[in-house]
Amino acid sequence: MSTDPTNAHELNHLLLRLRRLMQGIEGTALLLCDHQLAQANGSTSPLHGKQPAEATHAMLCLAINGRRCAETVERLVAGPTLH
């Protein structure tokens, strides 16, 4: 692993970003679970109209961005590639 301070700073930034992405995914998943439970119980859902589809789309976008961020972290941890 590289000990370059610039890489360390970038890694810290990326790890913080990953944590925030995961919090967004978890929060959206919980909201969608609440929606499903409300529908199953005949209660009022916290989501209306197209919001469940929009929440699902947002969660998928967060997951894709999280994967890309994790790949960047892996590359930084691995250090420069020698050819």
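The values are calculated or read from the model by the stated rules, or taken from the named source; none is laboratory data. All values derive from a computational prediction rather than experimental measurement. Here the Cβ positions follow ideal geometry from the backbone for every residue, glycine too, while neighbour counts run over all protein chains shown. Surface areas here come from the heavy atoms of the whole protein model, side chains and all, with no ligands, DNA or RNA. Shrake-Rupley method; radii C 1.70, N 1.55, O 1.52, S 1.80 Å.
Checking Leu31 against (1) at pLDDT below 90; (2) aliphatic (A, V, I, L, M); (3) open to solvent by less than 70 Å² (accessible area, probe 1.4 Å): exactly one of these is not met. Which one?
Every listed condition holds for Leu31 apart from (1).
For region 4-23, check the following and say yes or no: at least one residue is farther than 30 Å from Pro80 by Cα and assigned to a helix (DSSP H, G or I).
Looking only at region 4-23, we keep the residues that are farther than 30 Å from Pro80 by Cα, and these are 23.
Remaining after also requiring assigned to a helix (DSSP H, G or I): 23.
Yes: region 4-23 contains one or more residues that are farther than 30 Å from Pro80 by Cα and assigned to a helix (DSSP H, G or I).
Cβ-Cβ under 8 Å, sequence separation 6+ or interchain: first residue in region 4-19 and closer than 12 Å to Thr72 by Cα, partner polar (S, T, N, Q) and surrounded by 13 or more Cβ atoms within 10 Å (Cβ to Cβ). Which pairs?
Cβ pairs passing all conditions: Leu14/Thr72.
Yes/no per residue for (1) modelled with pLDDT of 95 or more; (2) part of a loop (DSSP other than H, G, I, E, B); (3) open to solvent by less than 60 Å² (accessible area, probe 1.4 Å):
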| residue | (1), (2), (3) |
| --- | --- |
| Leu37 | yes, no, no |
| Ser43 | no, yes, no |
| His48 | no, yes, no |
| Pro52 | no, no, yes |
| Ala70 | no, no, yes |
| Val73 | no, no, yes |
| Leu76 | no, no, yes |
| Pro80 | no, yes, no |
| His83 | no, yes, no |
